[in-house]
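Each remark here refers to the structure printed beneath this line.
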Ligand code: 4NP
């Protein structure tokens with residue numbers, strides 16, 4: 001199977017998409033799939049910042065380290081750089097559609113709905129809530145990542 005380039009995208013690029021990147025890297029590596037990953041936000045509020053400390057802590061509990069990541073904003077060139085762009089919620093998806101060039105290389109999908117037979121819906125934004133939202137986010141992202149990697153296996 002060839003190596004896919006995958007970009008995970010949320011609003012701020014400090015809670016969900018860095019966590020999705022770290023979890024997907026982990027799931028891909030124990031499934032022996034070569035994925036090249038990055039993450040970005042549709043907004044520029046946190047550009048240059050590390051992930052939210054609550055996301056870092058939630059992932060550390062399962063031995064996934066995302067502390068070295070730095071937030072960036074998604075750019076149009078990403079649509080020709082990546083094979084997959086995975087939006088965390090419907091608003092992210094709508095914002096990405098607005099800047100998607102025609103005939104872009106990337107398949108743009110909502111991460112939880114990339115395949116018709118596996119629909120997990122949106123990954124809820126945990127930013128304004130408590131720690132339990134970050135645990136739920138981690139569990140949700142893990143399930144979706146496992147389904148996504150299976151999908152890549154079965155479709156290539
Ligand atoms: P994320 O969460 O999109 O999962 O990174 C958020 C982070 C920051 C803000 C909103 C959501 N904010 O409004 O600053």
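The values are calculated or read from the model by the stated rules, or taken from the named source; none is laboratory data. Nothing here was measured: the structure is a model prediction, and the numbers come from that model. Backbone-built Cβ (ideal geometry, glycine too); neighbour counts: all protein chains shown.
Taken over the stretch 38-56, the criterion of being closer than 16 Å to residue 125 by Cα and either away from the ligand (no atom under 14 Å from the Cβ) or not in a loop (DSSP other than H, G, I, E, B) (or both) is satisfied by 39, 40, 41, 53, 54, 55, 56. Filter the stretch 84-103 for residues that are closer than 16 Å to residue 20 by Cα and in contact (Cβ under 8 Å) with a residue 60 or more places away in the chain and give the result. Listed by number, the residues that qualify are 84, 85, 86, 87, 88, 89, 92.
A search for C-beta distances below 8 Å between a residue of the stretch 1-12 that is over 12 Å from residue 38 (Cβ atoms) and within 16 Å of the ligand (Cβ to nearest atom) and any residue that is modelled with pLDDT of 95 or more and assigned to a strand (DSSP E or B), counting only pairs 6+ apart in sequence or on different chains, returns 10/39; 10/41; 10/87; 11/41; 12/41.
Scanning the stretch 72-101 for residues that are assigned to a loop (DSSP other than H, G, I, E, B) and touching a helix residue (DSSP H, G or I) at 6+ places or on another chain (Cβ under 9 Å) gives 74, 75, 76, 88, 89, 100, 101. Within the stretch 102-141, the residues that satisfy the criterion of being in a loop (DSSP other than H, G, I, E, B), more than 15 Å from the ligand (Cβ to nearest atom) and modelled with pLDDT under 95 are 102, 103, 104, 114, 116, 117, 119, 120, 121.
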